[in-house]
Amino acid sequence: MRVRVRLFASLRETAGVPETRLELPAGGRAEDAWGCLVVDFPALAARRASLAVSVNRRYSGFDAVLGDGDEVVFVPPVSGG
């Protein structure tokens, strides 16, 4: 299956792209998408512990099962006032 991964803020800056598409096996989870993303962009690896994940515009967990055509967003922490 194919999923769209969007990157924001510091993740986008680190990867140098706003989004990418990944091929995952059927039944793949958000964690699998993260693993594939890190293969393409190794500099992102250390960021995993601080991220939230959204699937199809709903906050979810890294254990969320993905479907073909889903949109996955890895959300870095937000700071400011």
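The residue that is nearest to PRO18 (Cα to Cα), among those in region 28-65 that are open to solvent by less than 70 Å² (accessible area, probe 1.4 Å) and hydroxyl-bearing (Ser, Thr, Tyr), is SER54. Summed over region 11-27, the residues that are open to solvent by less than 40 Å² (accessible area, probe 1.4 Å) and either of a type in the set (S, T, N, Q) or touching a residue at least 60 places away in the same chain (Cβ under 8 Å) (or both) give a count of 2. Selection within region 1-46: residues that are hydrophobic (A, V, I, L, M, F, W, C) and in a loop (DSSP other than H, G, I, E, B). The member of this set that is nearest to PRO76 (Cα to Cα) is PHE8. Scanning region 53-81 for residues that are touching a residue at least 24 places away in the same chain (Cβ under 8 Å) and not in a loop (DSSP other than H, G, I, E, B) yields a total of 8.
The values are calculated or read from the model by the stated rules, or taken from the named source; none is laboratory data. What you see is a predicted model; the values in this text were computed from it and never measured. Cβ sites come from the backbone with ideal geometry, for glycine too, and all protein chains shown count toward neighbours. We work out accessible area using only protein heavy atoms, side chains counted, and drop any ligands, DNA or RNA first. Shrake-Rupley method; radii C 1.70, N 1.55, O 1.52, S 1.80 Å.
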